[in-house]
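**Q** Encoded as structure tokens, here's the structure I'll be asking about.
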Amino acid sequence: MMGKIRVAFQGVQGAHTSTAIEKAFPDQNVDPIPFSTYEQAFEAVENKDCDYAVIPMENSLQGSIHSNYFLLARKFLYIVKEVHVPIHYSLIGLPDAKIEEISLVITHPGALSVCQGYLDEMPGKPAIETVYDSAGCVEMLLNFSNPETAMIGSKAIADFHQLTVLDDNIEDEPNNVTRYNVIAREPINPGSEGKTTLVFTTHHKPGALLNAMKVFAERQIDLTKIESRPLPDQPFEYMFYADIDGPVSDPKVSEALEELENYHAPWMRILGSYISIKD
């Protein structure tokens, strides 16, 4: 009998990342291992305490989670799969809570930003307390033990912790999706349908980024995302994250990356070629 696949994640069982783990490893024997921070989840894979980590990288409303891109850039780990998870929020209380009596709502800032309209319309005009993540929300709700306190989280959190869903789908914008990456110690070859993510810097001269991007345009390789981020230890200098259509095993892609590294990028790292699962 095969052992369980140990999957690191940040947060608490039942949060949206739990759905991402189920989607990334369907019908497999998975042991999800929670960590307090994303960096600890990355390190668990690095140190071989876990086989994979499942990490949120971008939300369709709030954009990229830059700290996780930076972690990926400086760790010697690879993206091996990507899953898209629709994000829905519930108002969650203790078993005896009543929605009209709620006077305090605990939420993390990301959930607050997409549920603010709903909270503004709540009958009791509750106070808002923000915490770092869903794990903190659950911990505070259970510690307060007050039926007039509620939290915002996924419905699965309520099921997992035997809490009550006071209202469902409370987000202001229904089309809210988070993109999660599955991180591993070794890269994979996903076949011809894969995409590739890389990070690189450019030379300090006019047209440097344009010249770097030409290596893809000249070979009709679709650049599906490019984003700049400041280098933490070098003020006003930047690195670029890019997603391109095609795996490293494609000769066109391999040739473009070789030209980029040799002529246009003083530093480059391929973060992985992988399949993106959107359904």
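The values are calculated or read from the model by the stated rules, or taken from the named source; none is laboratory data. Predicted model, so just to flag it, every value in this text is computed and none were measured. Positions of Cβ are backbone-derived with ideal geometry, glycine not excepted, and every protein chain shown enters the neighbour counts. Note: accessible area is taken over every heavy atom of the protein model, side chains too, but ligands, DNA and RNA are not part of it. Shrake-Rupley method; radii C 1.70, N 1.55, O 1.52, S 1.80 Å.
**Q** In sequence order, what are the phi-derived ³J(HN,Hα) couplings for the range 216-233 according to the Karplus relation 6.51 cos²θ - 1.76 cosθ + 1.60 with θ = phi - 60°, rounded to whole Hz, with x for glycine and proline?
**A** 8, 4, 5, 10, 6, 9, 6, 8, 8, 7, 9, 8, 9, 9, x, 6, x, 9
**Q** Could you work out the equivalent-ellipsoid semi-axes for the range 217-279, taking the square root of 5 times each eigenvalue of the Cα gyration tensor, largest first, in whole Å? Each step should come with its number before you reach the end.
**A** On the way: eigenvalues 101, 53, 21 Å².
Output for the range 217-279: semi-axes of 22, 16, 10 Å.
**Q** For LYS155 and HIS203, what does the FRET efficiency come to when R0 = 51 Å and r is the distance between their Cβ atoms, rounded to the nearest 0.05?
**A** On the way: r = 50 Å, r/R0 = 0.98.
So the FRET efficiency works out to roughly 0.55.
**Q** For a quick check: with amide H placed at 1.01 Å from N, whose amide H comes under 5 Å from VAL30's, ignoring anything fewer than 5 positions away on the same chain?
**A** ILE5
**Q** Over the range 133-260, consider all pairs of different Cα atoms and compute the Kirkwood hydrodynamic radius from their mean reciprocal separation; express it in Å, one decimal. Write out the running numbers ahead of the final one.
**A** On the way: mean 1/r = 0.0525 Å⁻¹.
When all Cα pairs of the range 133-260 are included, the Kirkwood radius is 19.1 Å.
**Q** Ranked from the most accessible area to the least, with a 1.4 Å probe and all protein chains present, what is the order of THR17, THR130?
**A** Working: THR17 15, THR130 75 Å².
Largest to smallest exposure gives the sequence THR130, THR17.
**Q** Further question on the same structure: Tell me the chymotrypsin sites (Phe, Trp or Tyr not before Pro) within the range 216-279 that lie in a loop according to DSSP and have at most 16 other beta-carbon atoms within 10 Å.
**A** Values: sites: PHE216, PHE236, TYR238, PHE240, TYR241, TYR263, TRP267, TYR274; in loops: TRP267.
Answer in residue order: TRP267.
**Q** In nm, to one decimal, how far is the modelled label at SER113 from the one at ALA217, with both set 7 Å along Cα→Cβ?
**A** Taking the simple label geometry, SER113 and ALA217 are separated by 3.1 nm.
**Q** What's the percent breakdown of Cα-Cα distances in the chain across 10 Å bins, shortest bin first?
**A** Distribution as computed: 6, 26, 29, 22, 12, 4, 0 percent.
**Q** Of all DSSP beta bridges located in the chain, what percent are antiparallel, nearest 5? Don't skip to the end; give the middle numbers.
**A** Details: 43 of 61 bridges.
So the antiparallel bridges amount to about 70 percent of the total.
**Q** Quick one: grab Rg to one decimal and Dmax as a whole number for the range 126-200, Cα atoms only, in Å.
**A** In Å, with Rg to one decimal and Dmax whole: 18.5, 54.
**Q** Then there's this: Amide H neighbours of SER64 under 5 Å, at least 5 residues apart or on other chains, H built in the peptide plane: list them.
**A** ASN59
**Q** Same structure again: Can you work out the base-10 log of I(q)/I(0) for the range 116-167 at q = 0.29 1/Å, using the Debye formula on its C-alpha atoms alone?
**A** One equal scatterer on each Cα of the range 116-167 leads to -1.42.
**Q** Can you send over the solvent-accessible area of ILE5, 1.4 Å probe, protein chains only, in Å² to the nearest 10?
**A** Here the accessible area works out near 30 Å².
**Q** Run the Debye formula on the Cα coordinates of the range 6-82, all scatterers equal and no solvent, and tell me log10 I(q)/I(0) at q = 0.11, 0.13, 0.20, 0.27 1/Å.
**A** Cα-only, vacuum Debye calculation for the range 6-82: -0.25, -0.36, -0.88, -1.52.
**Q** Run down the lysines and flag those whose C-alpha is under 28 Å from the C-alpha of LYS155, throwing out any fewer than 8 positions away in its chain.
**A** Candidates past the 8-residue exclusion: LYS4, LYS23, LYS81, LYS98, LYS125, LYS278.
**Q** Between ILE79, ILE33, ILE226, where does the largest GNM mean-square fluctuation fall for the chain, given springs only between Cα atoms within less than 10 Å?
**A** In this elastic network of the chain, the residue with the biggest mean-square fluctuation among ILE79, ILE33, ILE226 is ILE226.
**Q** A further question follows. How big is the range 1-129 in terms of Cα radius of gyration and Dmax, in angstroms?
**A** Final numbers for Rg and Dmax: 17.4, 54 Å.
**Q** Apply the Karplus parameterisation 6.51 cos²θ - 1.76 cosθ + 1.60, with θ equal to phi minus 60°, to every residue of the range 42-47 and state each ³J(HN,Hα) to the nearest whole Hz, in sequence, with x for glycine and proline.
**A** These are the phi-based 3J(HN,Hα) values: 4, 5, 4, 6, 3, 7 Hz.
**Q** Now a separate question. I want the local charge near ASP31. Using Cβ-Cβ distances under 10 Å, sum +1 for each Lys or Arg and -1 for each Asp or Glu among the other residues. Spell out each step's value before the answer.
**A** On the way: positive: LYS4, ARG6; negative: ASP51.
Combined, the nearby Lys, Arg, Asp and Glu give +1.
**Q** Going by amide H atoms built from the backbone, whose H comes under 5 Å of the H on ASP167, apart from near neighbours?
**A** The list, which skips near neighbours in sequence, is LEU91.
**Q** Using each residue's phi in the range 256-273, evaluate 6.51 cos²θ - 1.76 cosθ + 1.60 at θ = phi - 60° and report the 3J(HN,Hα) Karplus result to the nearest Hz, with x for Gly and Pro.
**A** Per residue, the Karplus-derived 3J(HN,Hα) values read 5, 5, 5, 5, 4, 5, 6, 10, 10, 10, x, 9, 8, 9, 7, 8, x, 10 Hz.
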